[in-house]
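This report concerns only the one structure given below.
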Amino acid sequence: MPRSGPSRAPRTGHEVRRTRTPWGTISRETVVDAAIKAVTSGNYEDMSIRSLAADLGVAPMTLYRHVRDKDDLLDEVVDRLLARVWKPTVSRSDWRAWIIQAADKLRRFLVTSPVALYVYLRHPVVTPTAIRRMTAMLAVLRQGIGDEEKARRAYAVIHAYTLGFAALEVARSGWSSAETTVDEVTREVAAFISPRQFRDGLGYLLDGIAG
């Protein structure tokens, strides 16, 4: 009588293979959507091509068919996020108010989205939304100033002011003027970096540019 072989233990949950995403269902848009979800719910520094591929249920090399690298992906993420928030709500007929609001919206975006500040400080941003925003700002500045070359120089100054202010605001975000040991002079200096001061300073810039 033949001996029966050893009985096999039942499979455990750890042995079940992870379901892979069907071939051909991943696109650049799919990858960017997943990256947006990852960076808005956590730290963009922790996101990698490998971790994103695991979230999507594909091999890391699959993602490289759609994005060059992590920086290319972050550029696209910031472009999508910027498209949601950059447009001013005031009329272009009030060119100063429009420019101030446009700059303030970018400042708030950079302060509240660490990935955006990272991208903007790392290299010039020339994504489609950034170019549309720049084109619109140049058109409004030309309307208000009446000179093409002055409008371009004004845009450069406003852009540099906005990035620098946002970077300083983020760098000091952990400091609190509510501490009992802080003296009045320190509180006054701390107030130099505030949303209101940003708008006031931009107003002074526009006064000098238009004058």
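Rule-based calculations on the coordinates, nothing more; no lab input. Just so it is clear, the structure is predicted and the values come from calculations on it, not from any experiment. So basically every Cβ, Gly included, is an ideal-geometry build from the backbone, and we count neighbours across all protein chains shown.
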### Task
Rounded to the nearest 0.05, what FRET efficiency do Thr25 and Val170 give with R0 = 41 Å and r taken as the Cβ-Cβ distance? Could you check?
0.65
### Query
For Val39, Val32, Val90, Val78, what ranking results if the residue with the fewest other Cβ atoms within 10 Å of its Cβ goes first?
Val90, Val32, Val39, Val78
## Note on the structure
Bounding extents of the stretch 38-113 in its principal axis frame from Cα atoms, largest first in Å, are 52, 23, 16
### Isotropically averaged projected area of the stretch 73-158, using the convex hull of Cα atoms (one quarter of hull area), nm²
5.3
### Distance (nanometres) between label positions extended 7 Å along Cα→Cβ at Asp72 and Val157
3.9
### Task
Could I have the simple spin-label model distance between Val126 and Lys150, label points 7 Å from Cα toward Cβ, reported in nm to one decimal?
2.9
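Kindly put Asp104, Asp72 in sequence by how many other C-beta atoms sit within 10 Å of each C-beta, fewest to most.
The order, fewest Cβ neighbours first, is Asp72, Asp104.
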## Note on the structure
Net charge (Lys, Arg +1; Asp, Glu -1) of residues whose beta-carbon lies under 14 Å from that of Ala160, Ala160 excluded, is +3
### Summary
Per-residue Cβ contact counts at 10 Å, fewest first, order His66, His123 as His123, His66
### Message
Starting from 0.36 nm per residue, how many nanometres of slack lie between Ala59 and Ser194 once their C-alpha separation is accounted for?
### Response
44.1 nm
